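The values are calculated or read from the model by the stated rules, or taken from the named source; none is laboratory data. Small disclaimer: the values here were computed from a predicted structure and weren't measured. Neighbour counts are summed over all protein chains in view; Cβ atoms, including those assigned to glycine, are modelled from backbone coordinates with ideal geometry.
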Amino acid sequence: MTNEYFDGSYKFTFKDFFFKILNGSAQGILIGVLPSAVLKYVLLPFIKSGQSWAIDLNSILVLFSSFIPILIGVAIALQFKMKPLDVGVMAIATGAASGSIKWATVPAGFVNPITGVKTTAASTVYFAQGAGDVINAMLVAAIGVLVIWLVAKYLNGFGAVAIILSPLLIGGGVAMLGHFLAPYVGAITTAIGNGVEMFTQLQPLPMAILIAMAFAFLIITPVSTVGIALAISLAGMGAGAAGVGVVATTVVLLINSLKVNKPGTTVAIFLGAMKGMMPAVFKKPIMILSFLATAAVSALPVALFNVQGTPTSAGFGWIGMVSPIQSMLAEGADKAFVSHVVSILPGIVTWFIVPIVAGFIMDYLFTKVFHMYKPEDFKQDM
C-alpha cells in the first residue's frame, strides 16, 4: 500500500487484499466473542442468586456476539484506512446482510414481549440471535471494499452527495447482495456440519479422533465451532471430542506464541482468541498438520474415559473452561464426594495432561525433526 488513505488511487494486490480481510475479520470476531467467554462462569453464581446487575451484564455481553458482523465490517474498513463515512457504510452492509439480526412480519394483534404493546396492523419485527454467518460477513465486507474502491475511482466517491448516496446505494446495495447470497454461503456451513455428523456414526475411537481433528481445524477458520455443534446437536462423546480438538489447537498455538508474541496475544489465545491467529495460519497452512496430529492423540482418552459433552459445550475447549467443566460435572453428578473427586481425575487427564504433552511432542516433531514451520511463523499482533 503506497497511499495514506483508501481511495481510487489504492493499488490492489491479492495478498494485501486477502490478509486485510482476514485480519479485520479476526479482530471483529475477537471483540464480539471474548467478553462473554471470559466472564461466563464468573457471572454464573451471581446470576443464579438473582443479582440483577449480573443478569443484565451477561445479557449485554451475549448480545455482543450479534454485533460480530458489524465489528467485522468496521475492523476491515480500518484495515484499509477508510474514511469515517465508508467505515459506517461497511458496518451497516455487513451487519444487515449476515443474519445475526433477523426480521419477520407479524400480524395485527402481535404483542411486543418487551414493551407489552399490541400492534394494530401487520408490521416487521427484528430480533438478534447469535453471530449470524461469519463467512458471509467476510464475503460481504470484501465486496463492500471493492465497491467503495470502484465508486471512489470512477465516480469520485459520489462527491458532495456521498453522505446520502453511499449509505443508500453502497450500504443498501451490498447488504441486499449479501442477503441474497446468504443461503448459498450458509450451505457451506451446512455441508461441513453434515460431514462432521457422519463421523458420529462410527465406532467410538475413530469417531472421537475424526471429530477432534475436524474441530481442531475449524477453530482457526471463520466457521463457528459452536454453530456447527448446535446445528447438528452434537452431544455425548462427540461433543467431548470436539472440545478436545479445540484444546489441541490452543495448546500448539500457545507453545509457539509464548516464544514470539507479546504477552497480551498469548493471554488472548488462552482466553479464546484462536481465530485471531487466522492470518498467521493462512500464511503458513502447513502448521495445521500439527493441530490435527495433536488432536488425534488428544482424542484417545475421550474414547477411553467416555468423556461427555453437550451441543452448547462442544465448540469451546478451554474458552471459559466451558467444555472441561461441563464434562466433569456430567461425570461427577449425583455421586458421593470421594467418587466425584475420582471421576474428575480422568477429566484432568483428558483436558489438560494429554493435550499439553501431545502438543509439545507434535510441535517438537514438526519444528525440529520435520522442519515444516518455525515459531516465528506464529507471529501475530492482536
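Filter the range 62-87 down to residues that are in a loop (DSSP other than H, G, I, E, B) and of a type in the set (D, E, K, R) and give me whichever is nearest to Gly272 (Cα to Cα).
Checking each candidate, the answer is Lys81.
Only one of these conditions is not met by Tyr126: (1) touching a Phe, Trp or Tyr at 6+ places or on another chain (Cβ under 7 Å); (2) of a type in the set (Phe, Trp, Tyr); (3) in the same structural domain as Val151 (by TED's automatic domain parsing). Which number is it?
(3)
Scan the range 103-125 and tell me whether some residue there is assigned to a strand (DSSP E or B), of a type outside the set (Lys, Arg), touching a residue at least 40 places away in the same chain (Cβ under 8 Å) and within 26 Å of Val62 (Cα to Cα).
no
May I ask you to list the residues in the range 87-137 that are over 29 Å from the mean Cα position of the chain (by Cα), within 30 Å of Leu165 (Cβ to Cβ) and small (Gly, Ala, Ser)?
Listed by number, the list holds a single entry, Ser123.
Which condition number in (1) without any contact (Cβ under 8 Å) to a residue 24 or more places away in the chain; (2) on the phi < 0 side of the Ramachandran plot; (3) of a type outside the set (Val, Ile, Thr) is the one that Gly50 fails?
(2)
Suppose we filter Phe64, Phe127 for residues that are surrounded by fewer than 19 Cβ atoms within 10 Å (Cβ to Cβ), touching a Ser or Thr at 6+ places or on another chain (Cβ under 8 Å) and not hydroxyl-bearing (Ser, Thr, Tyr); which single one remains?
Phe64
Is it the case, given these coordinates, that Gly116 is more than 19 Å from Ala77 (Cβ to Cβ), small (Gly, Ala, Ser) and not assigned by TED's automatic domain parsing to the domain that holds Ala214?
yes
What number of residues within the range 282-333 are crowded, with 23+ Cβ neighbours inside 10 Å and within 21 Å of Gly236 (Cβ to Cβ)?
Here the count works out to 17.
Of everything in the range 71-94 that's free of Cβ contacts under 8 Å to residues at least 40 places away in the same chain and surrounded by 12 or more Cβ atoms within 10 Å (Cβ to Cβ), which residue is nearest to Ala141 (Cα to Cα)?
This residue is Ala91.
Is it true that Ile220 is assigned to a loop (DSSP other than H, G, I, E, B) and buried (at least 19 other Cβ atoms within 10 Å of the Cβ)?
Taking the combined requirement at face value, the residue satisfies it.
With the condition kept exactly as written, say whether any residue in the range 334-345 is of a type in the set (Phe, Trp, Tyr) and at pLDDT 80 or above.
No - not one qualifying residue is present in the range 334-345.
Mind listing just one residue for me: the one in the range 346-382 that is among the small types (Gly, Ala, Ser) and at pLDDT 95 or above and, of those, farthest from the chain's Cα centre (by Cα)?
Ala358
From Ile192, Ile188, Ile209, which residue is in a helix (DSSP H, G or I), at pLDDT 95 or above and either surrounded by 13 or more Cβ atoms within 10 Å (Cβ to Cβ) or under 19 Å from the mean Cα position of the chain (by Cα) (or both)?
Ile209
Please specify each residue of the range 36-54 satisfying the condition of being more than 13 Å from the chain's Cα centre (by Cα) and either at pLDDT below 80 or closer than 21 Å to Gly132 by Cα (or both).
Hits for the range 36-54 are Val38, Lys40, Tyr41.
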